[in-house]
Amino acid sequence: MLPCHESVYANPSAIHRAGQDAKKLLEAARRRVADCVGAMPSEIFFTSGGTESDNWAIMSAAAAVETGLSGGGRGRHMVTSSFEHNAVLKPMETLASRGWECTLVSPGKDGIVDPEEVASAVRPDTVLVSVMAVNNVAGTVQPVKEMAAAAHAKGAIFHTDAVQAAGHIPVDARGWNVDLMSISAHKFHGPKGTGVLFAKIPRLPIPLIDGGGQERGGRSGTENVPGAVGMAEALAESVERLDEDSVALSALRDRLIERVLRIEGAVLVGHPTKRLPGNACFAFRGLDGLANIVAGLDEAGIEASSGSACSASSKEADHVLVAMGHLDIGLRHSLRISLSRWNTPSDIERIADRLDELIPILKIHRSRH
Ligand SMILES: *Cc1c(COP(=O)(O)O)cnc(C)c1O
């Protein structure tokens, strides 16, 4: 990314040579990203991140119907899952306030959405089905290909929020046969504030952001060349090491799960194996509001999260746990520990040791109040 700031900093839309050099870097980044996710470069649109990509996918599908551009004969109905990221749920709510109907499909207790349930939620008037590729709290991997087929069988288009998948498990837009797909760089060690919307040709998404007509008219605004270059580099590196890293990470994850489940009242959130290689997510019976666990881990130099990073301070039960039916057994909050290729076996023991100390103390503290 440094050369993009220091020497190749011109505007890629400029026709002078410096601009064209920047344009070359941008297009090389587009090709690299496309290669990593089973897409063609012309299907890759750079955005400001996962949130923008999700909003764009959903609002563009809605706009196509509202303006009569496409989706003729289809109604104002969408299908999504109840444990999506807010970047999907909130735009759906906005559409609901404009008279759209939205059917929420719930995942099972294992944190996996059943494609049959998606199939039965899709109606002849459904415009779009949007279900994430990997859940951002439970880490569970969803049957994207089967869900896309269920949408297509009834003529709906399919979007997947693959923000948690890219760089962590194989992502294959063509093989999955998705129409729209969102990616964000900072979820695979890339820079923040940059992402991608994949849109299958010839389906060009209707712009959310209008102006100079960059990104083939789809997304105006001078392109974030350093961001795109950094994203491509980080994604290519993650994809190159994917097999090797997933074997090592799954072993660390399984060891952590094994250790933490020995703690009284500990429950694993989500399927034991159909989950991201680096995701371990727990809930603890008798412990509510896990902010004090997060703080206790932080004191020991361990950065974990409760709920998703964006809603961790909320006193309400985590919507992901609610969707997975965990509220019925009194579990409202989760502790998510994400491992990366820089973690070691001794980190795992340290995390588990610290939880061994913390949880009984917190339980005693709680029972006194
Ligand atoms: C992080 C995340 C987003 C939002 O991406 P940003 O780049 O942070 O806007 C969307 N969906 C999922 C599943 C995420 O984990």
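The values are calculated or read from the model by the stated rules, or taken from the named source; none is laboratory data. If you're wondering where the values come from, they're calculated on a predicted model, not measured in any experiment. Virtual Cβ from ideal backbone geometry, glycine too; neighbours counted across all protein chains shown.
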Next on the checklist: Based on this model, can you work out whether VAL118 counts as over 18 Å from ASP35 (Cα atoms), assigned to a helix (DSSP H, G or I) and either touching a residue at least 12 places away in the same chain (Cβ under 8 Å) or more than 16 Å from the ligand (Cβ to nearest atom) (or both)?
Outcome noted: yes
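Residue-by-condition table, conditions (1) surrounded by fewer than 18 Cβ atoms within 10 Å (Cβ to Cβ); (2) among the aliphatic types (A, V, I, L, M); (3) over 20 Å from CYS4 (Cβ atoms):
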site: GLY155; (1), (2), (3): yes, no, yes
site: GLN164; (1), (2), (3): no, no, yes
site: PHE188; (1), (2), (3): no, no, no
site: ARG216; (1), (2), (3): yes, no, yes
Next on the checklist: Residue under question is GLY296, and the condition is that it be at pLDDT 90 or above and surrounded by fewer than 20 Cβ atoms within 10 Å (Cβ to Cβ); does it hold?
Outcome noted: yes
Checklist entry - Only one of (1) acidic (Asp, Glu); (2) away from the ligand (no atom under 16 Å from the Cβ); (3) part of a helix (DSSP H, G or I) fails for ASP110. Which number is that? => result (3)
Checklist entry - Name the pairs whose Cβ atoms lie under 6 Å apart, with the first residue in region 31-50 and away from the ligand (no atom under 16 Å from the Cβ), the second acidic (Asp, Glu) and modelled with pLDDT of 95 or more, and 6 or more positions between them or separate chains? => result GLY38/ASP172
Next on the checklist: So, in region 51-65, exactly how many residues are surrounded by fewer than 24 Cβ atoms within 10 Å (Cβ to Cβ) and away from the ligand (no atom under 16 Å from the Cβ)?
Outcome noted: 5
Item to check | Selection status of ILE112, surrounded by 23 or more Cβ atoms within 10 Å (Cβ to Cβ) and at pLDDT 95 or above | outcome: no
Checklist entry - Given the structure, is GLY139 under 22 Å from LEU327 (Cα atoms), in contact with a Cys (Cβ under 9 Å, 6 or more places away or on another chain), modelled with pLDDT of 95 or more and away from the ligand (no atom under 12 Å from the Cβ)? => result no
Checklist entry - Which of the residues spanning region 93-107 are among the charged types (D, E, K, R) and exposed (fewer than 14 other Cβ atoms within 10 Å of the Cβ)? => result GLU93, ARG98
Item to check | The one condition in (1) surrounded by fewer than 16 Cβ atoms within 10 Å (Cβ to Cβ); (2) closer than 30 Å to ILE364 by Cα that THR273 fails to fulfil | outcome: (2)
Checklist outcome for this item: Those residues of region 332-369 which are within 23 Å of the chain's Cα centre (by Cα), buried (at least 16 other Cβ atoms within 10 Å of the Cβ) and touching a residue at least 60 places away in the same chain (Cβ under 8 Å) amount to SER334, ARG336, ILE337, SER338, LEU339, ARG341, ASN343
Checklist entry - Only one of GLU146, GLU84 is farther than 15 Å from HIS319 by Cα and either assigned to a loop (DSSP other than H, G, I, E, B) or away from the ligand (no atom under 16 Å from the Cβ) (or both); which? => result GLU146
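For (1) part of a helix (DSSP H, G or I); (2) touching a helix residue (DSSP H, G or I) at 6+ places or on another chain (Cβ under 9 Å), each residue gets a yes or a no:
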| position | (1), (2) |
| --- | --- |
| ALA10 | no, yes |
| ALA34 | yes, yes |
| PHE46 | no, yes |
| ALA61 | yes, no |
Checklist entry - Which of the residues belonging to region 166-186 are surrounded by 21 or more Cβ atoms within 10 Å (Cβ to Cβ) and not polar (S, T, N, Q)? => result ALA166, GLY167, HIS168, VAL171, ALA173, TRP176, VAL178, ASP179, LEU180, MET181, ILE183, ALA185
Next on the checklist: When you scan region 308-327, do you find a residue that is closer than 23 Å to GLY167 by Cα, free of Cβ contacts under 8 Å to residues at least 60 places away in the same chain and surrounded by 14 or more Cβ atoms within 10 Å (Cβ to Cβ), even just one?
Outcome noted: no
Item to check | Residues satisfying the stated conditions in region 66-78, i.e. surrounded by 22 or more Cβ atoms within 10 Å (Cβ to Cβ) and either within 16 Å of the ligand (Cβ to nearest atom) or not in a loop (DSSP other than H, G, I, E, B) (or both) | outcome: MET78
Checklist entry - Mind checking whether some residue in region 220-230 is out of contact with any helix residue (DSSP H, G or I) (no Cβ under 9 Å at 6 or more places or on another chain) and under 18 Å from ALA63 (Cα atoms)? => result yes
Checklist entry - So which helices (runs of 4 or more DSSP H) are wholly in region 163-268 and hold at least 2 residues that are within 21 Å of SER338 (Cβ to Cβ) and within 16 Å of the ligand (Cβ to nearest atom)? => result 225-240
